[in-house]
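Step one of this worksheet: look at the structure below.
The values are calculated or read from the model by the stated rules, or taken from the named source; none is laboratory data. Predicted model only: the values in this text are computed from it and were never measured. Every residue, glycine as well, gets a Cβ built from its backbone with ideal geometry; the counts of neighbours run over all protein chains shown.
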Amino acid sequence: MELTMDYNSRQILNLIREQEALSRVEISERLEIPQPTVTRITNKLMKSNLLKEGKQGISSGGRRPTKLEFNENCYYALGIELGRSAIKAALINLNGYLLSFRMKVTHGTESIDQVIEFVKEAVEEVMEESNIAKDRILGAGVGMPGPLNETVDHNVSPPNFYQEKSIPLKSLLEEAIQLPVTLDNDANAATLAEKWFGDGVGINNFSYVLADIGIGCGLMINDSLYRGLNGESGELGHMSINFPGELCHCGNYGCLETLSSLPAIEKNYKKMLNHKTGSSQSDQTITPFEDIIKEANDGSMIAQQVLDQATQYLGIAISNLINLFAPQKVIIGGEFRKVNTHAFDKIHSTIESRVMGKSGKGIPIVKSKIEEAVVLGAGALVINEKFSLSLNYRTRQT
Ligand SMILES: [Zn+2]
């Protein structure tokens, strides 16, 4: 589905989308675009079904103006999440409403051909369930663990990804599902989910922290997703927090991931429990992160201490982020956001004591309300490309 729009069309469309319904006069006033231009553009947008006529507004004398509404169901986007333990596909409308969803569990040992086959199956199933014609789907976005290490010929080499390196993933997927494909890392995809459908709506500068098995972050700067050279920005998990600390899988020592990732919390809990009971490390199985939260809620001092410590380290990393970028808001996503209030408050107190600027101390630090942020954000990659006001720069080394 080919859809190209100039800057004014995008501006009008986004304004109506955010405001729900506006008359042509109101659009002209708010965007300072002459009325004849607004009429010409809105007619064009109505012809392509992106806008529809809604209720009549209040008259200031004369005919009552007709309000224009965003037609969220005129096109759709496919979101695909390629995780290391699951492949997910979702069909969403232009406001992020999920029409259908599929998940295939994987083990990280599948061949890339099997992964593509899983995607193909999942996509066919969501299409069938939603009963949407293919020509109304703008494209497919893919969110996956980063950095993607994308080369000039579009081959990607994400770390620990189904034991494969240098995969022509975009062309393989386009061939399999017969739709244009856009790839990005999972944290960037989730950031766009917040920007279009979540706590980032209407906010020009915010940071999104995806804290889960790994820790990444997305940076929305002046309404644009900052990707950095070769898309390698946002590796918050490998920020050095305790440099003489533990060896990280990236080869460095004391990275945030060795302190606050889910596996780090589980490892730390086991270590502290063993220390208390005097048993050796090998005689106890790992307690999953969600059970550690339950135990903390049931009054386990050790569990609470482990969660508090992990949150404090995450708070230090977020303080560094605030000192660097001074965002208007920080959104925390991933499973980590499920820690209890006692632990979560450590982020606030850490920031309070470490952030330099006055405004940084009071900025909202919120837990993401989106359940499937990466797959939804993968769909938002498509929507962002078609409708965003910012130019989606991707910088590559030449
Ligand atoms: Zn690291």
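Taking the range 214-240 only, how many residues are at pLDDT 90 or above, more than 10 Å from the ligand (Cβ to nearest atom), aliphatic (A, V, I, L, M) and surrounded by fewer than 20 Cβ atoms within 10 Å (Cβ to Cβ)? Of the residues in the range 214-240, 1 are at pLDDT 90 or above, more than 10 Å from the ligand (Cβ to nearest atom), aliphatic (A, V, I, L, M) and surrounded by fewer than 20 Cβ atoms within 10 Å (Cβ to Cβ). The residue that is farthest from H154 (Cα to Cα), counting only those in the range 212-242 that are assigned to a strand (DSSP E or B) and touching a Leu at 6+ places or on another chain (Cβ under 6 Å), is I215. Among the candidates K165, K120, which residue alone is in contact (Cβ under 8 Å) with a residue 24 or more places away in the chain and among the charged types (D, E, K, R)? Every option except K120 fails the conditions. Looking only at the range 265-285, filter to residues that are among the β-branched types (V, I, T) and assigned to a helix (DSSP H, G or I); which one of those is nearest to the ligand (Cβ to nearest atom)? Here the answer is I265.
When the residues of the range 250-264 are filtered to those that are surrounded by fewer than 17 Cβ atoms within 10 Å (Cβ to Cβ) and within 19 Å of A187 (Cα to Cα), the one that is farthest from the ligand (Cβ to nearest atom) is P263. Among the residues of the range 194-210, is any outside the structural domain of V119 (by TED's automatic domain parsing), within 26 Å of K369 (Cα to Cα), crowded, with 22+ Cβ neighbours inside 10 Å and within 16 Å of the ligand (Cβ to nearest atom)? Among the residues of the range 194-210, at least one is outside the structural domain of V119 (by TED's automatic domain parsing), within 26 Å of K369 (Cα to Cα), crowded, with 22+ Cβ neighbours inside 10 Å and within 16 Å of the ligand (Cβ to nearest atom), which makes the answer yes.
Give the residues of the range 365-383 that are touching a helix residue (DSSP H, G or I) at 6+ places or on another chain (Cβ under 7 Å) and not in a loop (DSSP other than H, G, I, E, B), sorted by residue number. Hits for the range 365-383 are I365, K367, A373, V374, L376, G377, A378, A380, L381, I383. The criterion of at least 1 residues that are over 27 Å from the mean Cα position of the chain (by Cα) is met by the following helices (runs of 4 or more DSSP H) wholly inside the range 1-51: 24-31, 35-47.
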